[in-house]
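The values are calculated or read from the model by the stated rules, or taken from the named source; none is laboratory data. In this text, all values refer to a predicted model and were calculated from it rather than measured experimentally. Note that each Cβ is placed from the backbone with ideal geometry, even for glycine, and that neighbours are counted across all protein chains shown. Just the protein is used for accessible areas: all its heavy atoms, side chains included, with ligands, DNA and RNA removed. Shrake-Rupley method; radii C 1.70, N 1.55, O 1.52, S 1.80 Å.
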Amino acid sequence: MNKNSNTGYRFAFVYAVFFVIVGFLLSSPRDIFDGFIKIILANDILITDYFYLVGIGPTLVNVGVVTLITVIIMYLNKVPLNGGGILTIGLMSGFSFFGKNVFNMWFIILGTYIFCITNKEKFSKYVVISLLSTALGPLISTTFFYNENITLYNAITSISCGIIIGFVMPLLAQHTDKLLHGLSLYNGGFAIGLLALILVPILKSYGYEFNTVSKWSVGHNFEIGSVIYLICILLIVYGFLSDRENAFTNYKNILKRSGSPTQDFTVLDGIPSVLINIGVNGIIATTYIIITGGDLNGPTIGGIITIMGFGAKGKHAKNIIPIMLGILIGGFTKEWGYNSPSAQLAGLFGTTLAPVAGTYGFLAGVFSGFVHSSVTLHAGLGYSGVNLYNNGFAGGIVSIVMFPILSRYLKPNVYSDPSPSMMMSEFKNIDDISKIEERLSKMEDELSNL
């Protein structure tokens with residue numbers, strides 16, 4: 001790992017511990033323990049808001065512990081804390097507000113580890129996809145504690161499902177990535193949705209039932225909104241102060257990008273501009289929930305943190321706003337309303353389609369958001385809410401259908417040049433002209449593959 005990754009990991013550890021400390025400040029140790037047990041025993045099927053289930057204190061401790069485990073696993077396996085690493089931490093912490101917990105992630109991770117042993121490959125190569133595959137945590141929880149009973153049969157079923165998920169996902173995700181043509185950022189959500197469409201019907205045929213729920217807390221907008229806005233402003237200020245000369249210039253360069261999954265903003269534009277982008281994304285997402293009369297709670301905080309995490313690789317103001325607008329228009333014109341719980345989550349997680357707007361323009365983004373607003377409400381019926389990345393699955397479907405149409409009639413945005421300051425930093429410590437020429441040739445190859 002490079003110096004930037006080591007620095008990033010220090011911040012990541014602080015980020016995780018922050019949630020734990022705040023959780024214990026808000027609740028007594030006894031309440032934390034009781035809440036933890038209740039979270040573990042919950043089926044976690046969408047939508048299970050941990051704020052509603054156990055309160056803010058225990059929820060924050062769960063978020064902190066899950067995030068800490070994530071960071072430790074990534075650090076021990078020397079996963080670079082670049083755009084992909086940052087968004088992984090964002091996803092894991094975000095979804096631990098409403099579905100991922102310290103219990104339901106391990107069998108899936110074990111499955112990927114067994115895959116690596118079987119195929120004689122390093123686990124570090126698949127750490128990220130293994131962690132993202134914990135989107136099927138509700139399937140693990142529901143089967144293990146089925147009907148609130150722990151039996152040998154249910155335990156074997158749950159463990160087996162987890163191992164299968166973790167074993168299959170490294171292969172499946174590689175295949176589905178080619179289907180999305182870079183227009184959806186949640187490839188893992190699409191892949192895991194396909195796998196859930198097979199596993200859930202099989203389990204149902206053996207008597208298991210999976211019923212969607214709606215545990216949704218309200219009334220926290222002022223205090224939670226204030227904290228999120230403060231954090232976002234601090235990120236923007238820190239990003240600017242870290243590189244006064246280039247931070248905002250490079251941020252403007254981020255706004256030119258399509259947001260394709262191949263574009264790592266940390267590499268192309270630098271960490272300071274990425275911090276600004278993360279802060280701006282958080283403000284936009286939070287404001288969307290507030291102005292639409294939504295609720296800041298576990299699930300929507302998870303959505304906001306996810307959008308912030310993808311501020312390192314994929315999402316920026318210019319490509320998420322059209323998607324949100326399209327979803328909002330869908331809510332106004334369709335029977336389910338624009339601020340129902342499902343609509344609020346669609347407005348946030350539907351930004352998986354940000355590359356559509358970034359690649360093919362504002363109107364294409366609005367239209368894809370409009371279509372997604374309906375698809376996401378029905379695409380997951382086959383797996384009964386056990387896939388936490390439901391919008392990723394729906395977004396994958398939308399992107400697959402839209403790609404041949406958009407690519408036929410619209411000219412894509414293919415901008416992928418690094419920010420000038422990032423190009424200069426590549427050469428400032430090189431004094432051999434042959435090495436500069438070699439590096440320029442390598443950069444050309446890298447850009448041609450974006």
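Checking the stated criteria, ASN281 turns out to be touching a Cys at 6+ places or on another chain (Cβ under 9 Å), in a helix (DSSP H, G or I) and open to solvent by less than 10 Å² (accessible area, probe 1.4 Å). Being at pLDDT below 95 and either open to solvent by 60 Å² or more (accessible area, probe 1.4 Å) or farther than 11 Å from LEU183 by Cβ (or both) is not true of ASN413. Inspect all residues belonging to region 193-206 and state whether any of them is β-branched (Val, Ile, Thr), crowded, with 21+ Cβ neighbours inside 10 Å and either at negative phi or not in a loop (DSSP other than H, G, I, E, B) (or both). Yes; the residues of region 193-206 include at least one that is β-branched (Val, Ile, Thr), crowded, with 21+ Cβ neighbours inside 10 Å and either at negative phi or not in a loop (DSSP other than H, G, I, E, B) (or both).
Scan region 57-91 for residues that are among the hydrophobic types (A, V, I, L, M, F, W, C), closer than 12 Å to PHE19 by Cβ and open to solvent by less than 10 Å² (accessible area, probe 1.4 Å) and the total you get is 4. Condition first: at positive phi and touching a helix residue (DSSP H, G or I) at 6+ places or on another chain (Cβ under 7 Å). Can you find one or more residues in region 119-138 that meet it? The answer is no, given that none of the residues of region 119-138 is at positive phi and touching a helix residue (DSSP H, G or I) at 6+ places or on another chain (Cβ under 7 Å). Looking across LYS252, LYS315, LYS256, one residue alone is open to solvent by less than 10 Å² (accessible area, probe 1.4 Å) and of a type in the set (Lys, Arg). It is LYS315. Cβ-Cβ contacts under 7 Å between residues 6 or more apart (or on different chains), taken from a first residue in region 4-29 that is over 13 Å from THR67 (Cβ atoms) to a second residue that is outside any helix (DSSP H, G or I) and open to solvent by 40 Å² or more (accessible area, probe 1.4 Å), are listed as SER5/PRO80. If you check ILE150 against the conditions, is it open to solvent by 40 Å² or more (accessible area, probe 1.4 Å), over 15 Å from ASN387 (Cβ atoms) and either part of a helix (DSSP H, G or I) or out of contact with any Gly (no Cβ under 6 Å at 6 or more places or on another chain) (or both)? Judged against the criteria, ILE150 is a match. Can you find a residue in region 99-106 that is without any contact (Cβ under 8 Å) to a residue 60 or more places away in the chain and surrounded by fewer than 24 Cβ atoms within 10 Å (Cβ to Cβ)? Scanning region 99-106, I find at least one residue that is without any contact (Cβ under 8 Å) to a residue 60 or more places away in the chain and surrounded by fewer than 24 Cβ atoms within 10 Å (Cβ to Cβ), so the answer is yes. Screening VAL386 with (1) of a type outside the set (Ser, Thr, Tyr); (2) surrounded by 15 or more Cβ atoms within 10 Å (Cβ to Cβ); (3) modelled with pLDDT under 90; (4) not in a helix (DSSP H, G or I) gives one miss only, at (3).
Within region 130-147, the only residue that satisfies the criterion of being open to solvent by 10 Å² or more (accessible area, probe 1.4 Å) and within 15 Å of MET92 (Cβ to Cβ) is LEU132.
Pairs meeting the criteria (first residue in region 326-352 and without any contact (Cβ under 8 Å) to a residue 12 or more places away in the chain, second residue outside any helix (DSSP H, G or I) and open to solvent by 30 Å² or more (accessible area, probe 1.4 Å), beta carbons under 9 Å, at least 6 apart or on different chains) are PHE332/TYR338. When we screen LEU234, LEU275 for residues that are out of contact with any helix residue (DSSP H, G or I) (no Cβ under 7 Å at 6 or more places or on another chain), part of a helix (DSSP H, G or I), modelled with pLDDT of 95 or more and over 11 Å from MET422 (Cβ atoms), the only hit is LEU234.
Residues that are in a helix (DSSP H, G or I), among the aliphatic types (A, V, I, L, M) and either in contact (Cβ under 8 Å) with a residue 60 or more places away in the chain or within 21 Å of TYR360 (Cβ to Cβ) (or both) within region 237-262 comprise just one, ILE254.
Counting only residues that are open to solvent by less than 10 Å² (accessible area, probe 1.4 Å) and either β-branched (Val, Ile, Thr) or part of a loop (DSSP other than H, G, I, E, B) (or both), region 163-175 holds 1 of them.
Within region 318-340, being open to solvent by less than 40 Å² (accessible area, probe 1.4 Å), in a helix (DSSP H, G or I) and more than 29 Å from ALA247 (Cβ to Cβ) holds for GLY326, ILE327, LEU328, GLY330, GLY331. Screening the candidates SER160, SER124, SER133, SER141 for the property of being in a helix (DSSP H, G or I), free of Cβ contacts under 8 Å to residues at least 40 places away in the same chain and not aromatic (Phe, Trp, Tyr) yields one hit, SER160.
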